[in-house]
1. If I filter region 73-105 down to residues being in contact with a Ser or Thr (Cβ under 8 Å, 6 or more places away or on another chain) and within 26 Å of Asp33 (Cα to Cα), which single residue comes out as nearest to the ligand (Cβ to nearest atom)?
2. Answer yes if at least one residue in region 210-223 is away from the ligand (no atom under 12 Å from the Cβ), over 28 Å from Val40 (Cβ atoms) and among the charged types (D, E, K, R), and no otherwise.
3. Identify, by number, the condition in (1) buried (at least 16 other Cβ atoms within 10 Å of the Cβ); (2) free of Cβ contacts under 8 Å to residues at least 24 places away in the same chain; (3) within 16 Å of the ligand (Cβ to nearest atom) that Leu164 doesn't meet.
4. Could you list all residues from region 188-203 that are more than 11 Å from the ligand (Cβ to nearest atom) and either aliphatic (A, V, I, L, M) or on the phi > 0 side of the Ramachandran plot (or both)?
5. Tell me whether region 204-222 contains one or more residues that are of a type in the set (Lys, Arg) and assigned to a strand (DSSP E or B).
6. Please work out which one of (1) under 15 Å from Met95 (Cβ atoms); (2) at pLDDT below 95 is the condition Leu164 fails and give its number.
7. Determine which member of the set Lys48, Lys65 is closer than 21 Å to Arg233 by Cβ, basic (Lys, Arg) and within 16 Å of the ligand (Cβ to nearest atom).
8. Starting from residues that are part of a loop (DSSP other than H, G, I, E, B) and among the β-branched types (Val, Ile, Thr), keep the ones in region 95-141 and report whichever is nearest to Asp177 (Cα to Cα).
Amino acid sequence: MDIEQKEQLYEGKAKKVFATSDPDLLIVDYKDDATAFNGVKRGTIVGKGVINNRMTNYIMQMLEKEGVETHYVEELSDRRTVVKNVKIVPLEVIMRNVVAGSLSKRTGLPEGEIPSMPILELYYKSDELGDPMINSDHALAFGWATADELAVIEKTARKVNDILKKFFAGVGVDLVDFKIEFGRYHGKIILADEISPDTCRFWDSKTKEKLDKDRFRRDMGGVEGAYHEMMRRIGLK
Ligand code: TMP
């Protein structure tokens, strides 16, 4: 691709973002750094950057084929990808198919319980505040998204869940829950950020073994092995 990498714009917990010679495009560079609990727990997951880059790109291309517009443009290398230069909507959208994590803590329901329908949650993206849970009224009242944008975001999140739940079931994995983010790009809302074992809960369908970042969050060991197993399941290695 005929673009040049320019200055670093941002370094987050798991990625660096660079400007390019095209103002409409950015380059993301995935790191092996891992954090949890809003950066309180820190570590390294060797090879994670490569896995999250390649898995995210595979999933974004699959979603595009199903009619979901995403920020994906082109994979440049194992860790680096060209994406559209979106303005991120300050919302984290979580879809849940199985009770786990903070939902289990908040409700007292056991991990593994299946709700009668997928649950969509909104969180306000703010590191200082630790990403507090909000509802759509908060998002509208404080101008974090318009009503039209929220409608697109919620409809798209449910569609992404339907597509991914089916895809992962086909490779023997329960898609327990996941987090996605959206961006504004030339007046449209499109899917952005990453979809990886950092941002999803994956359980082996038969054994319910955890194949995601919970192994790091909960000091369970076998973190790298779980990330590699997910790559193998989706046929990327
Ligand atoms: P939770 O149960 O801790 O709220 O997490 C729900 C899902 O969201 C889980 O798949 C992990 C993902 N997630 C992120 O991607 N980033 C975050 O900062 C948090 C808290 C969760």
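The values are calculated or read from the model by the stated rules, or taken from the named source; none is laboratory data. Since we're looking at a predicted model, the values are computed, not measured. Cβ: placed from backbone, ideal geometry, glycine included. Neighbour counts: every protein chain shown.
1. Our first condition is that a residue be in contact with a Ser or Thr (Cβ under 8 Å, 6 or more places away or on another chain); within region 73-105, this holds for 73-75, 81-82, 90, 99.
After this cut, where a residue has to be within 26 Å of Asp33 (Cα to Cα) as well, the list is 73-75, 81-82, 90.
Working: Val73: 22, Glu74: 24, Glu75: 21, Thr81: 18, Val82: 23, Pro90: 13 Å.
Here the answer is Pro90.
2. no
3. So Leu164 meets the others, but not (2).
4. Selection gives Ile189, Ile190, Leu191, Ala192.
5. First, pick out the residues of region 204-222 that are of a type in the set (Lys, Arg): 206, 208, 210, 213, 215, 217-218.
Narrowing the set further to residues that are assigned to a strand (DSSP E or B) leaves 210.
Scanning region 204-222, I find at least one residue that is of a type in the set (Lys, Arg) and assigned to a strand (DSSP E or B), so the answer is yes.
6. Among (1) under 15 Å from Met95 (Cβ atoms); (2) at pLDDT below 95, the lone unmet condition for Leu164 is (2).
7. Working: Lys65 fails: within 16 Å of the ligand (Cβ to nearest atom).
Of the residues listed, the single one that is closer than 21 Å to Arg233 by Cβ, basic (Lys, Arg) and within 16 Å of the ligand (Cβ to nearest atom) is Lys48.
8. First, pick out the residues of region 95-141 that are part of a loop (DSSP other than H, G, I, E, B): 97-100, 108-118, 125-132, 135.
Retained after the next criterion (residues that are among the β-branched types (Val, Ile, Thr)): 98-99, 114.
On the way: Val98: 7, Val99: 8, Ile114: 11 Å.
That would be Val98.
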